[in-house]
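Please treat every number below as a calculation from the coordinates, not as lab data. Just so we're clear, the structure is a prediction, and the values are computed from it rather than from any experiment. Neighbour counts run over all protein chains shown; Cβ positions are idealised from the backbone, glycine included.
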């Protein structure tokens, strides 16, 4: 029984969303305990999909029904008798197999750390659990604890790392269009203007060897560069260390999904600890760099500018990780070896049932050299919209995590950009499929069988 989930806003009564003659949709039907009937038309075309209880006493609950035929149009605010885009279809459907299902440590693993908080009565401000969590992270990456700085989330971590490198406000920040929009927001928050450039077609990331040419085309002075590790894939930190040393341009790497692939270097990497990542605390992140001065700058700017004294040394914010998030972080590290093995097992199942070919490709090294919480496939030469629709009709959720590219969001559309042919190709040719730690083999097989069938037609 799932509590606290209500029907979509505005759909409080059955007659408001029962399908009409031309409607083909998922819909909610209200009933009371003891009733055997459900108000719907064309009943034989619909099957129960989810049973969601809105009250603990089961006095009021909802059934979700799924039409057994392909879905074309519904009463979710659209006009009848016209086709709905696959993206809208995915947005409004509930799926049998979700794109992801985060799994943080269970309560019994976290409980000992919560008791430690009760004992210390320290809840924030770099308390003992946060400091010990940073020590464990440092040990994991083989660096000193002075080279790790936790933050409230990775977006703020990027902003603070840029600020700690003394970037010049008003200058450009070179970053890939092929990224999540959080990268853009972080640069803007640091006082920079994003400048979108294209990625290498094999790495899906910025190429430091081509950066001089890209900067030469920039419409204004460049004050920083933000490479992005795409969906957790390893990035050449040593190459960026060399570039930073040669040019003097500040570089901060957005490695939000890169916990398993992060390699310490002089160039700061920012890793997310969001619940959706491969290791999470709910909300959080950390900055990793061998440049201890950057970590001191991040720590001060995450704490109102305070660093060992009650004098604020720089324009700052409040971006500290709480003791409660650190408690979850400790528990996550406790189970990391087992969790990683589970992720690897699911990746191996996909690669066995859907082997790589000239038409289906995984990111290089995925599931063998490194792992992340998303499985992004590339379908060179194929129509991923057709594949996504086939999966959706089978009750399988898909996602284009980075949409049409970070440069096309309303909030970023006015920022300067270079030509982006590779990004435009990746938008059309990539698709993320369901991937989570306890995804069963039967579901993996359903996903892979559906993909093969869609590609065969």
*Could you state the number of Å between the C-alpha centres of segment 417-444 and segment 282-325?*
34 Å
*Ranked by how many other beta carbons lie within 10 Å on average, peptides 96-104, 138-146, 171-179, 309-317 from highest*: 171-179, 96-104, 138-146, 309-317
_For segment 107-334, what does the convex hull of the Cα positions come to per residue, in cubic angstrom?_
108 Å³
*Can you tell me the order of 189-200, 409-420 when each peptide is scored by its average per-residue count of other Cβ atoms within 10 angstrom, highest first?*
189-200, 409-420
_Please state the shape class of segment 314-356: rounded when a/c is under 1.5, otherwise prolate if a/b exceeds b/c and oblate if not, all from the C-alpha gyration tensor._
oblate
*Could you tell me the largest-minus-smallest coordinate of the C-alpha atoms of segment 185-227 on each of the three principal axes, in descending order and whole angstroms?*
31, 21, 12
*Would you please report the Å³ per residue occupied by the convex hull of the alpha carbon atoms in segment 277-342?*
108 Å³
*asked:* Considering all projection directions equally, how large on average is the shadow of the alpha-carbon convex hull of segment 111-222, in square nanometres?
replied: 9.7 nm²
*asked:* Classify segment 269-314 from the C-alpha gyration tensor, please: rounded if a/c falls under 1.5, else prolate or oblate depending on whether a/b exceeds b/c.
replied: oblate
_Cα gyration tensor, segment 254-412 - rounded (a/c under 1.5), prolate or oblate_ = prolate
